Amino acid sequence: MSLGSQFSAHLRRVCADACKACAQECEQHAQMGMDHCRKCAEACRHCADICEEMARSV
């Protein structure tokens, strides 16, 4: 990505989508009282935000 590959922006968007999907799944389990799933969802949302920000900056 640091070399400006033609795939960099696409990979960042895919990463954001994967992290969002993970967060959505973990949030469902977190609602059942599973604290580790809440923490995972938070981490995945954070990762998705960073990937989206990077994708916009390309």
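The values are calculated or read from the model by the stated rules, or taken from the named source; none is laboratory data. Being a predicted model, the structure only gives us computed values, none of them experimental. Here the Cβ positions follow ideal geometry from the backbone for every residue, glycine too, while neighbour counts run over all protein chains shown.
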For the stretch 6-25, pairs from a residue that is free of Cβ contacts under 8 Å to residues at least 40 places away in the same chain and over 12 Å from Glu52 (Cβ atoms) to a residue that is in a helix (DSSP H, G or I) and basic (Lys, Arg), with Cβ under 8 Å and 6 or more apart or across chains, are Ala23/Arg45
If the requirement is being part of a helix (DSSP H, G or I), over 13 Å from the mean Cα position of the chain (by Cα), modelled with pLDDT of 90 or more and not aliphatic (A, V, I, L, M), which of these qualifies: Cys37, Cys44? Cys37
May I ask you to list the residues in the stretch 6-43 that are surrounded by 17 or more Cβ atoms within 10 Å (Cβ to Cβ) and within 20 Å of Arg56 (Cβ to Cβ)? Arg12, Cys15, Ala16, Cys19, Lys20, Ala23
